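Below is one structure, written out as structure tokens, with a few remarks after it.
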Amino acid sequence: GEDVEQSLFLSVREGDSSVINCTYTDSSSTYLYWYKQEPGAGLQLLTYIFSNMDMKQDQRLTVLLNKKDKHLSLRIADTQTGDSAIYFCALMNTGFQKLVFGTGTRLLVSP
Amino acid sequence: GAGVSQSPSNKVTEKGKDVELRCDPISGHTALYWYRQSLGQGLEFLIYFQGNSAPDKSGLPSDRFSAERTGGSVSTLTIQRTQQEDSAVYLCASSSAGGGPDTQYFGPGTRLTVL
């Protein structure tokens, strides 16, 4: 099955940019998502990108997709302490309704 | 309601007991999903309901797990003869049409602890 990997931990200072990376094995993924999970809360969709796109920008968030290398990244500009959370990438194939999640990256933003 | 709700928020049970977890999706959403989040396995898909179609049960880990969705709304996930490895957070999500970029909205989850 699909294998989706993320680095476990990222620590940044407030005001810096954060880049969270995700690598995957199944090139047929059609939709690629980023979710945020805060302690004790469910998953919140941040943004998504179609596989025919290379980049998507949404306010402080920039998603980059390199299909050749099967690499997805999420850049958070001007990171705030409120951005501290676990971030999951998730993939979906056309015709298959389930999301396949990455291992999650814990982002810690220090003042 | 405003979002997906799940109950109970926490459940502690003894090994061998049956448990039922409930999910109330967003009103009008036709698609409903169950996922499991555990330390060892990360976030895993369990089952997917779409309207009146047969559910996709491909993620259920064993025949001790079952789920139903009554009247196209509320769903119940049942785990029979619970085992310690069933301890996890069970997350429910719903979406308006199912699949594609239709956002899956997640509930806060039920934390299940099997002693």
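The values are calculated or read from the model by the stated rules, or taken from the named source; none is laboratory data. Computed from a prediction, not measured in an experiment: that's the story for all the values here. Ideal geometry is used to build each Cβ from the backbone, glycine not excepted, and the neighbour counts take in all protein chains shown. SASA here: full protein model, heavy atoms, side chains in, ligands and nucleic acids out. Shrake-Rupley method; radii C 1.70, N 1.55, O 1.52, S 1.80 Å.
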Could you work out Rg/(2.2 N^0.38 Å) for the stretch B:36-115, with Rg from alpha carbons only?
1.11
What average number of partner chain Cβ atoms lie no more than 10 Å from the Cβ of the residues making up A:37-50?
4
Are there chymotrypsin sites (Phe, Trp or Tyr not before Pro) in the stretch A:1-43 that DSSP puts in a loop and that have at most 14 other Cβ atoms within 10 Å, and which ones?
none
Any chance you could run the full-extension gain for A:Phe9 through A:Asp54? It's 0.36 nm times the residue separation minus the Cα-Cα distance, nm to one decimal.
13.7 nm
State to the nearest 20 debye the size of the charge dipole of the protein assembly as shown about its Cα centre, where the only charges are +1 on K and R beta carbons and -1 on D and E beta carbons.
160
Rounded to the nearest 10 Å², what accessible area does B:Ile79 have for a 1.4 Å probe in the complete protein model?
0
Phi angles of the stretch B:77-82, converted by Karplus (6.51 cos²θ - 1.76 cosθ + 1.60, θ = phi - 60°) into ³J(HN,Hα) in whole Hz with x for Gly and Pro, give 9, 10, 10, 9, 6, 4
Rough spin-label spacing in nm, given labels placed 7 Å along Cα→Cβ, for A:Asp78 and A:Asn93:
4.1
Got a sec? What order do B:Arg22, A:Arg13 fall in by accessible area at 1.4 Å, biggest, i.e. largest, first?
A:Arg13, B:Arg22
7 Å from Cα along Cα→Cβ at both A:Leu45 and B:Gln41: what's the point-to-point distance in nm?
2.5
Show me, for the stretch B:55-67, the HN-Hα J-couplings you get by feeding each phi into the Karplus relation (A = 6.51, B = -1.76, C = 1.60, θ = phi - 60°), rounded to Hz, glycine and proline as x.
x, 8, 9, 4, x, 5, x, 7, 6, 6, 9, 8, 8
So if R0 is 30 Å, what FRET efficiency would B:Ser96 and B:Arg64 give, r being the distance between their Cβ atoms, rounded to the nearest 0.05?
0.45
Taking a label point 7 Å from the Cα of A:Ser110 along the Cα→Cβ vector, which residues of the stretch A:61-91 have an amide N closer than 15 Å to it?
A:81, A:84
Between B:Val12 and B:Gln84, what length in nm is gained on full extension when 0.36 nm per residue of separation is reduced by their alpha carbon distance?
24.8 nm
Take the Cα atoms of chain A, find their three principal axes, and give me the spread along each one in whole Å, biggest first.
43, 28, 20
